[in-house]
1. What residue, among those in segment 167-202 that are among the hydrophobic types (A, V, I, L, M, F, W, C), out of contact with any helix residue (DSSP H, G or I) (no Cβ under 7 Å at 6 or more places or on another chain) and surrounded by fewer than 20 Cβ atoms within 10 Å (Cβ to Cβ), is nearest to THR220 (Cα to Cα)?
2. Pick out the one residue from GLY193, GLY178, GLY203 that is more than 30 Å from the chain's Cα centre (by Cα) and in contact (Cβ under 8 Å) with a residue 24 or more places away in the chain.
3. What do you reckon, is VAL148 modelled with pLDDT of 90 or more and either aliphatic (A, V, I, L, M) or in a loop (DSSP other than H, G, I, E, B) (or both)?
4. Report, by residue number, each residue of segment 61-73 that is in a helix (DSSP H, G or I) and either at pLDDT 75 or above or of a type in the set (Lys, Arg) (or both).
5. Looking for whichever is free of Cβ contacts under 8 Å to residues at least 24 places away in the same chain and more than 25 Å from ASN78 (Cα to Cα) here; the options are ALA251, ALA237. Which one fits?
6. So how many residues does segment 81-117 have that are aliphatic (A, V, I, L, M) and surrounded by fewer than 15 Cβ atoms within 10 Å (Cβ to Cβ)?
7. Go through the residues of segment 274-286 one by one and say whether even a single one is closer than 25 Å to LEU163 by Cα, exposed (fewer than 15 other Cβ atoms within 10 Å of the Cβ) and in contact with a strand residue (DSSP E or B) (Cβ under 9 Å, 6 or more places away or on another chain).
8. Mind checking whether some residue in segment 124-142 is farther than 30 Å from GLN263 by Cβ and either modelled with pLDDT of 80 or more or aromatic (Phe, Trp, Tyr) (or both)?
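The values are calculated or read from the model by the stated rules, or taken from the named source; none is laboratory data. Values in this document were obtained by computation on a predicted structure and should not be read as measured data. Note: ideal-geometry Cβ built from the backbone for every residue, glycine included; neighbour counts use all protein chains shown.
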Amino acid sequence: MDEIKSHFVFNRSQRNGILLLILLISSFLVINYYVDFSEENIMDTASEEIIAIQKELDSLRTIEIASRKPKIFPFNPNFITDFKGYTLGMSIEEIDRLLAFRKENKWMNSIKDFKKVTKVSDSLLNKISPYFKFPDWISNPKLKTKYVKIGYKEKTFKQKIDLNTAAQEQLEEVNGIGKAFSKRIIDYRNKLGGFTDDIQLYGVYGLDYQVANRVLNEFTVKTPKEIVKMNLNAISASDIATIPGISFDLAKRIWEYRILNEQIESFSGLQNIEGLTERKLKGIQLYLKLE
């Protein structure tokens, strides 16, 4: 009994400790009873600051979504494909009317013709027509001029000198070709490793179109340099930029046009690309193929 009783006998220090523990437990019970620890949303979503931030986030989200949309470049509506028509917002019936019209080898030469053939709504027409790009001879009829060959007779292929072996002195005999241009032609020929086609002569910097024509009346490419063509539907913008006369910006536009259309089936469709002139289009076909 004495041993059991000894467990319930505390000295002063122990009694103080027990009292303190009881006080702490009582305090926690009181706090727990009167204080609500449940989670609550302390942020007022209806405040002006929160609404302003939400509007700004929505605006940034809208801009981001708009930036992801495919870019629209100027294009000739005569060459709209199924995929191109779909990205422009045309219906299947409108696209079919256009393709049926083109299968008859007919051409649209104005916005009015496009509306008549496809029967698209005015709202869609107003949206896409600013990007229509018709050939210059349609858009600006006054640009049509007649080129009259004066002072020389057209020579046959046999009579002409090989442009890849022509000496600088021989080139200087052509009217309009002095030492500067003859040297420039030779330097450009060396840069290419030899001409592949007559069209490349027009790539000589500063050479006038009519002067180039006079050169090609005396010279032509008889021993063309062989070029390993790249598949346009598989190469990058950097690969396209390696083509002489094609800047990286133009190469990027060509690449983006291919991505937008998934695959290029005809080089004629590339004439829709801004900056790609008819002469450059012919020139790049020496280096590219479609597969």
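1. As a first pass, look at segment 167-202 and keep what is among the hydrophobic types (A, V, I, L, M, F, W, C): 167, 171, 174, 177, 180-181, 185-186, 192, 195, 199, 201.
If we keep only those that are out of contact with any helix residue (DSSP H, G or I) (no Cβ under 7 Å at 6 or more places or on another chain) too, we end up with 167, 180-181.
Going one step further and asking which of them are surrounded by fewer than 20 Cβ atoms within 10 Å (Cβ to Cβ), we end up with 167, 180.
Working: ALA167: 13, ALA180: 20 Å.
Only one residue fits best here, namely ALA167.
2. Details: GLY178 fails: in contact (Cβ under 8 Å) with a residue 24 or more places away in the chain; GLY203 fails: more than 30 Å from the chain's Cα centre (by Cα).
Within the list GLY193, GLY178, GLY203, the selection yields GLY193.
3. Details: modelled with pLDDT of 90 or more: no; either aliphatic (A, V, I, L, M) or in a loop (DSSP other than H, G, I, E, B) (or both): yes.
In short, no.
4. Taking segment 61-73 first, the residues in a helix (DSSP H, G or I) are 61-68.
Scanning segment 61-73 gives ARG61, ARG68.
5. Values: ALA251 fails: more than 25 Å from ASN78 (Cα to Cα).
The conditions single out ALA237.
6. So in segment 81-117, the residues aliphatic (A, V, I, L, M) come out as 88, 90, 92, 95, 98-100, 108, 111, 117.
Narrowing further to those that are surrounded by fewer than 15 Cβ atoms within 10 Å (Cβ to Cβ): 92, 99-100.
Qualifying residue count, segment 81-117: 3.
7. no
8. To start, the set of residues in segment 124-142 that are farther than 30 Å from GLN263 by Cβ comprises 140-142.
Next cut, either modelled with pLDDT of 80 or more or aromatic (Phe, Trp, Tyr) (or both) only: none.
Checked against the condition, which is being farther than 30 Å from GLN263 by Cβ and either modelled with pLDDT of 80 or more or aromatic (Phe, Trp, Tyr) (or both), segment 124-142 yields no hits at all.
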